[in-house]
Amino acid sequence: MDKIDNFLGLLSSDQLLSDDIVSWHHEEARAGKFQPLPPDLHISLKNSLIAQNISDLYSHQIDAWNAIRAGKNVIITTGTASGKTLCYNLPILQSLTEHPNQTAMYIFPTRALAQDQLKSIIKFQQPDHTTNNAFNSSSPTIRASIIDGDTPSHMRPGIKGKVNFLLTNPDMLHIGILPHHTTWKRLFENLRFVVIDEAHTYRGIFGSHVANLVRRLIRVCHFYGSDPLFILTSATIANPLEHASNLVDKPFDLISSDGAPSHGRTMVIVNPTIINSELGLRRGANHEAAILAPHLLSHDVQSILFTRSRRSVELLLKEITNKNDVPSGWIRGYRSGYLASERRSIEAALKSGELRMVISTNALELGMDIGSVDAVVIIGYPGTLAAIRQQAGRAGRRHNRSAAIFIASQNPIDQYLVNHSDYMITNPVEKALINPDNLAILYAHLRCALFELPFLEREKFGALDDETVLQILRAIEETREVRITEGKAFWTGSTYPASQVSLRSAGGDRVHLYVREESENLVRIGEVDRDSATWMVHEGAVYLHQGEAFLVRSLNLEQGEAIMEPSWMDYYTEPVRELNIEIVETIDECQNVDLIKFVAEALVSSSVTGYRMITWAKREIVGTHPLSLPPNETLTECLGISLSSQVVNNIKQLGLWTSEENNYGPEWASLREQVRRRDGYKCRVCGIGEGKQQHHIHHKVPLKAFTSRDEANTISNLITLCPSCHRKAENVVRLRSGLSGLSYILHHLACLFLMCDIEDLGRYSEPQSKLADGNPIIILYELAQGGTGLSRALFGQPEDLLFRAKDLIASCPCLDGCPSCVGPGGEAGLGGKQETLAIIDELLIHSVHG
Amino acid sequence: MDKNEPNPLLEKLKHLGVFSGAKGMVIPPHSKKPIEVVLGGELVETPYGAVLSIEKQFQDDYHHGKVLLDDIPISPIVMDWSKPTKNLPMSPKVVFLDTETSGLAGGTGTFAFMIGCGCMTQDGFKSTQLFMSEPGLEPALLCVLDKILYGADVIVTFNGKSFDMPVIRNRYVLHHMEPSFIDCHHIDILHLSRRIWRERLKSRRLGELEREILEFNRSGEDIPGWMVPEMYLDFLTSRDPAPLAGVFYHNRMDILSLGALLKHLSILIDNDNENVNQHGSDSLAIARLYGDQGLDMEAANRYEQLIGTNLQEHQQEIVYTQLANIYRKKGMLDKSIALLELATQYGSVNAAISLAKIYEHIQRNYQMALFWTEEAMKYSEIDGHSEDIRPSIDHRLQRIKHKIAKME
């Protein structure tokens, strides 16, 4: 038995863990489909492959060879570690051998990946000693080089003059290469291949930016008379061809039939124990991982633990190192926000085996060759099914046996997946959605494109028609950044527009994070984008970096810097946010007597109004502080569902409408006084007397459960409680509104089916909304400026979502609502399961009949 | 879409917050006189359209500040320093060039709407300024520029290495044109000015050099450089050429200053031996320039004259160490040692290390080598700038101690 078997054996026998295992999935080993090397493969490449111990190819590598050799644009979607790199390297190397002037550009989503992939090209550069030297004279000259933000400027002219394999990332192409394309003339004139690796990462806002970047790239190529082939690789997505054509306005061939052997992997689905059956509360997924971690370490199983957020990387790192006696250098965190040098050293230590465990965000999920990892622990749904597969694929790249463990969190998506594990393991349903014609993004890239080359009369921009192009150019004219004469448009601005656009966020600006050391020196430890800054590093926030806590002393948004100090506080902080939504323009609407669903442009403004301090030890709120920070305003798109008063009445008649605000009535003040006097101004639970503040009056049976206020306000239903006891009491009986429960579950399920991050969508519900003439409304809005098409995609299918929501709520084992179905306890109390189901039923009746 | 039609996207863009809106510029009405009438000059026709060219001949008694522009000799040292890649004729054709651009950002979106050239003629300095009245006329501008620069051997600019020339080169590429002056030799006066005046002047900007070096003051007609791009945009909207007169003046003065600076620098560098006492720091920089060009004895001469002058301490230290270095190369060790010892008066870490090297490797006097290495260590602790070299001093110290131990 090897160590993986030992470890899995322990899982199935360990008392604490085995009960939590929902299912085991053994992926059988699969034989590969091999084919001989192409007969016309250049001898030097053949020798190079043999030197790398490759004597035949997988069938999909041959498929790619044939398609690319035939001049087709392809997208390759075979599995993790199936040799996708060779799919494109081989035909490109062959072509460059035949045509020594040709050049190729490789675009990777991260700098790290480019560093990593450079090695795979350089392998072909090795002088070959096994054959007659006479052949070497015609072998391809590989002059591969990376250009990115780390490339020193004195090295760039040398690279420009020589390179035939240029490896870069979208940001560098955007800000460094295209605006200076004249200095890359030789490269563009001879550009034959553009490889876009990990194309599935280009979705949402980032993808919409990259699609426009590709339009600019093609435009520049055409200027130099070249028309390169595009080769895309991607993780499994539902719409590879559609996505490829959205990203690059060209027709594509799909290569998806995977000929690589699979060594078999065991996937373990873990659903943490219910620790409070009444409330349906489960042990936290991070906590479960912390229980698992020492076993991984003691069985010598090298592992990566993937968590959802930068914050939980730090929390988990802290928890594992505090509770276990781990040798230093065995465990480290990994996430964006760490400096590049730090990340490189972590990657190297992981590869060398010195590092035993890495706790990471999805930053490590892309195809970096970090060597063999025995097991992967996926803590909570990582945002997409594709990401689950990518992360699981990190295990056992070079081993025969590997394990992937999925630990479900309380989230409805996780709980849905635990009960539908087939969906997670076999069903490729997610689509990658982008919206290249998002107006804000278009505007930004048209300015960049104009800077790069003038627009000719009636010129299109990729698939964008010339009329819209001209309208945007006319808008740019208002700022005198363009001169339009005789149909031709010239950039006349004095700025460098690419530097005003960040591809990765709609926000753009960055906030640098500095730690003030004892010597008063400021040391930069990382950065966050501006929109995140207001809730991550506001004044008073506790910010976590490599497991250490820092207290933010000041945040200066104009200067783009946050100054912090090492903190020894026993608490962490959580921001309090406030939200306001205005509908700007309805895009599409579907209406019947009882229900309106619409997709619209909306102005969403959110502000961080304060923060809570929560103790590490007991997760208790020990204080709240107000903040005044400027709101973040986003003009975006949203999906709205509003209910008619008829529907509300129907549900009220069932006694299941609990969405209205409490109105205690005109007598309330005197009633309060009466009850406090009756109870001797003391808390009826703990007996404490009143201090400066009056005690609270609590409804034993909540107001919402009565049909009339007078019934609820009978003296026998009221007691005096101190604020602290009141809070506890409310947590037990406060009723959740069905409306907020519904918005909660729709939000989660929508993200699952749209393949978007939970943070790409926001939710809002209001029982008496101005936006719906005083009727109840649920809104799911996009957080990205201008929207990326998520709302429009949802508009078509809310019924499907409602069915699935009903299914999930009905199958949830909780008594009356829990974080896994209609919402977390801390936010708005418990209950709401019946109420939410009642609304869903009403809505389904009407949508079916409507 | 016509310009006057309502634009449905404009409002949306304003709402998105990505679009700042019009700058609300009110353009006054103006006379419709043609540009060549208002500003003078003539229109030069090309197959791509017409370009305005304004020529100005300055008499050979014209003084630009304190510099008489009757002739602009180029010092052989300056020529050597600028590293020509090919042989230049004895009296090369020199063109002074400066551009006025749409911005300072660089890249493919920055263009020159005005290119000024100057050269010496028998009658004195002559400037030729080219101007395109529409961005669309750029091929014509580039075409005329190519004719003017045809046959030039040397182009002289101020910061042209990193700005003007790359911008011009980009423009030719963007029109699929090949300029004939692509391999022309280039002297960037900014780089030379930095070498000579880094110590003495607050900045090496052209304005500062004009005031401090040339003693030249521009007239009120001048437009400050930062306003130039806006002026061009104003002209494109208003078509009123009159305000451009200031831009032409600005550009012309830039070119004249280039010529005057080159002449001043050349004379300063060639004849420095005779008038060292003017500015010690200039002379020191010039001595180093000679040294860097491999003219050791010329440099040594100049350093020797600087000994005992009222230079600052760190400059005096440079004089001693540089001179010691030259003497050491020439095998005059005693002189070299004496100078280095003088330099150590100022706590020069480098001088102490040089002494240690001489004693260790040439004289093989390890006790003295040890002494100077220990001194070097002491100095490095005092001056606070030498932390990174301390390990190597320590390494030297250990090695010398080892050698001494072996001898004993």
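Read the figures in this text as sums done on the coordinates, not as results from a lab. No experiment lies behind these values; they were computed from the predicted model shown. Note: ideal-geometry Cβ built from the backbone for every residue, glycine included; neighbour counts use all protein chains shown.
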Check your understanding: Using the per-residue mean of other Cβ atoms lying within 10 Å as a proxy for protection, in what order, highest first, do the peptides A:315-327, B:239-251 fall?
Key -> B:239-251, A:315-327
Revision key, fill the gap. Rounded to the nearest 10 degrees, the helix A:738-754 long axis (Cα) sits at an angle to the longest Cα principal axis of chain A of 10 degrees
Review point. Across the residues of A:487-500, average count of Cβ atoms on other protein chains within 10 Å?
Key: 5
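With both bridge residues required to lie in chain A, what share of the DSSP beta bridges run antiparallel, to the nearest 5%? The partial results should precede the final answer.
Working: 87 of 138 bridges.
Here the antiparallel bridges make up roughly 65 percent for chain A.
Which loop-located GluC sites (Glu not before Pro) does the range B:119-217 contain, where loop means any DSSP state but H, G, I, E or B and the Cβ has at most 16 other Cβ atoms within 10 Å? Don't skip to the answer; put the middle values down first.
Working: sites: B:GLU199, B:GLU208, B:GLU210, B:GLU212, B:GLU215; in loops: B:GLU199, B:GLU215.
Taking the range B:119-217 and a limit of 16 other Cβ atoms within 10 Å, the loop GluC sites (Glu not before Pro) found are B:GLU199, B:GLU215.
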Review point. What does the average come to when, for each residue of peptide A:470-482, you count the partner chain Cβ atoms lying within 10 Å of its Cβ?
Key: 5
Exercise for review: Relative to the longest principal axis of the C-alpha atoms of chain A, give the angle of the C-alpha long axis of helix A:3-13, reported between 0 and 90° and rounded to the nearest 10°.
Suggested key: 20 degrees
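Is the shape of the range A:34-255 rounded, prolate or oblate, going by the alpha carbon gyration tensor and its root eigenvalues a ≥ b ≥ c, with a/c under 1.5 for rounded and a/b larger than b/c for prolate? Walk me through the numbers on the way to the answer.
Working: a/c = 1.72, a/b = 1.19, b/c = 1.44.
Verdict is oblate for the range A:34-255.
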Check your understanding: Between A:ALA403, A:ALA669, A:ALA602, whose Cα lies farthest towards the positive end of the dipole of the protein assembly as shown when Lys and Arg beta carbons carry +1 and Asp and Glu beta carbons carry -1, centred on the Cα centre?
Key -> A:ALA403
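Might you report the magnitude of the Cβ-based charge dipole of the range A:439-500 about its Cα centre, with Lys and Arg at +1 and Asp and Glu at -1, to the nearest 20 debye? Kindly include the intermediate steps, with their values, before the conclusion.
Details: 7 positive and 10 negative charges, 32 e Å.
Dipole size: approximately 160 debye.
If you add up the charges near A:ASP760, with Lys and Arg at +1 and Asp and Glu at -1, over every other residue whose beta carbon is less than 11 angstrom from its beta carbon, what do you get? Write out the running numbers ahead of the final one.
Numbers: positive: A:ARG203; negative: A:ASP757, A:GLU759, A:GLU782.
Residues close to A:ASP760 contribute a combined charge of -2.
Treat every Asp and Glu Cβ in the protein assembly as shown as -1 and every Lys and Arg Cβ as +1, leave all other atoms uncharged, and give the resulting dipole magnitude about the Cα centre to the nearest 20 debye. All intermediate terms of the calculation are to be shown ahead of the outcome.
Numbers: 124 positive and 152 negative charges, 490 e Å.
In debye, rounded to 20, the protein assembly as shown gives about 2360.
The protein assembly as shown: D in µm²/s via Stokes-Einstein (Kirkwood Rh, Cα pairs, 20 °C, 1.002 mPa s)? Show your work: numbers first, answer last.
On the way: Rh = 36.3 Å.
This corresponds to a translational diffusion coefficient of 59 µm²/s.
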Review point. What is the gain in length, in nm to one decimal, between A:LEU254 and A:TYR664 on full extension, counting 0.36 nm per residue of separation less the C-alpha to C-alpha distance?
Key: 141.2 nm
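Rank the residues A:LEU45, B:LEU88, A:LEU166 as a footprinting-exposure proxy: fewest other Cβ atoms within 10 Å of their Cβ go first. Walk me through the numbers on the way to the answer.
On the way: A:LEU45 21, B:LEU88 15, A:LEU166 25.
Fewest to most other Cβ atoms nearby, the residues stand as B:LEU88, A:LEU45, A:LEU166.
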Study note, to complete from the structure: Checked against the positive end of the charge dipole of the range B:30-270 (+1 on Cβ of Lys and Arg, -1 on Cβ of Asp and Glu, about the Cα centre), the farthest of B:HIS64, B:SER193, B:LEU142 is B:SER193
**Study point:** Charge dipole magnitude, Cβ of K and R +1, D and E -1 - the range A:34-255, Cα centre, debye nearest 20
**Key:** 560 debye
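What does the structure give for B:93-103 when I average, per residue, the other chain Cβ atoms found within 10 Å of the residue Cβ?
Details: counts 0, 0, 0, 0, 0, 0, 0, 0, 1, 8, 6.
If you average over the peptide's residues, the count of other-chain Cβ atoms is 1.
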Review point. Ordered by packing density, taken as the mean number of other Cβ atoms within 10 Å over each peptide's residues, highest first, how do B:53-63, B:372-382 rank?
Key: B:372-382, B:53-63
Review point. In chain A, with Lys and Arg counted as +1 and Asp and Glu as -1 at Cβ, which of these residues, A:ALA549, A:SER312, A:ASN775, has the Cα nearest the positive end of the dipole, that is, farthest along it?
Key: A:ALA549
Check your understanding: Considering the range A:740-819, what Rg and Dmax in Å follow from its alpha-carbon atoms?
Key -> 13.3, 41
Check your understanding: If the convex hull of the alpha-carbon atoms of the range A:439-500 is projected onto planes in all directions, what is the mean projected area in square nanometres?
Key -> 3.8 nm²
Check your understanding: Say each of A:ASP422 and A:ASP466 gets a label point 7 Å from the Cα, pointing the same way as Cα to Cβ; how far apart are those two points in nm?
Key -> 5.4 nm
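Report, for chain B, the % of DSSP beta bridges that are antiparallel, rounded to 5.
Values: 27 of 34 bridges.
Around 80 percent antiparallel, to the nearest 5.
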Check your understanding: Roughly how tilted is helix A:84-98, in degrees to the nearest 10 and between 0 and 90, from the longest Cα axis of chain A?
Key -> 30 degrees
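Sorting check: for A:514-525, A:33-44, which peptide has the highest mean count of neighbouring beta carbons within 10 Å, and how do the rest follow? Write down the numbers at each step before the final one.
Details: A:514-525: 12.6, A:33-44: 15.2.
Highest mean packing first, the order is A:33-44, A:514-525.
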Practice item. Normalise the Debye intensity by I(0) for the range B:30-270, one equal point scatterer per Cα, no solvent, then take log10 at q = 0.12, 0.13 Å⁻¹ and round to two decimals. Key: -0.67, -0.79
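Can you sort A:CYS751, B:CYS117 by how many other beta carbons sit within 10 Å, fewest first? Before the final figure, lay out each step's value.
Values: A:CYS751 23, B:CYS117 20.
In increasing order of surrounding Cβ atoms, one gets B:CYS117, A:CYS751.
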Revision key, fill the gap. Any residue on another chain or 5+ positions along whose placed amide H is under 5 Å from the amide H of B:GLY103 is listed here as B:PHE111
Study note, to complete from the structure: Of the listed links B:LYS33/B:LYS56; B:LYS147/B:LYS202; B:LYS378/B:LYS403; A:LYS250/A:LYS431; A:LYS460/B:LYS12, those spanning more than 27 angstrom between alpha carbons are B:LYS147/B:LYS202
Practice item. Please express the Cα-Cα pair-distance distribution P(r) of chain B as a list of whole percents, one per 20 Å bin, running from 0 to the bin with the greatest distance. Key: 22, 41, 26, 11, 1
Practice item. Name the long-range amide H neighbours of B:HIS185: under 5 Å, sequence gap of 5 or more, or other chain; modelled H, no Pro or chain starts. Key: B:ILE155
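Summing +1 for each Lys or Arg and -1 for each Asp or Glu, what net charge is found among the other residues whose Cβ lies under 11 Å from the Cβ of B:LEU355?
-1
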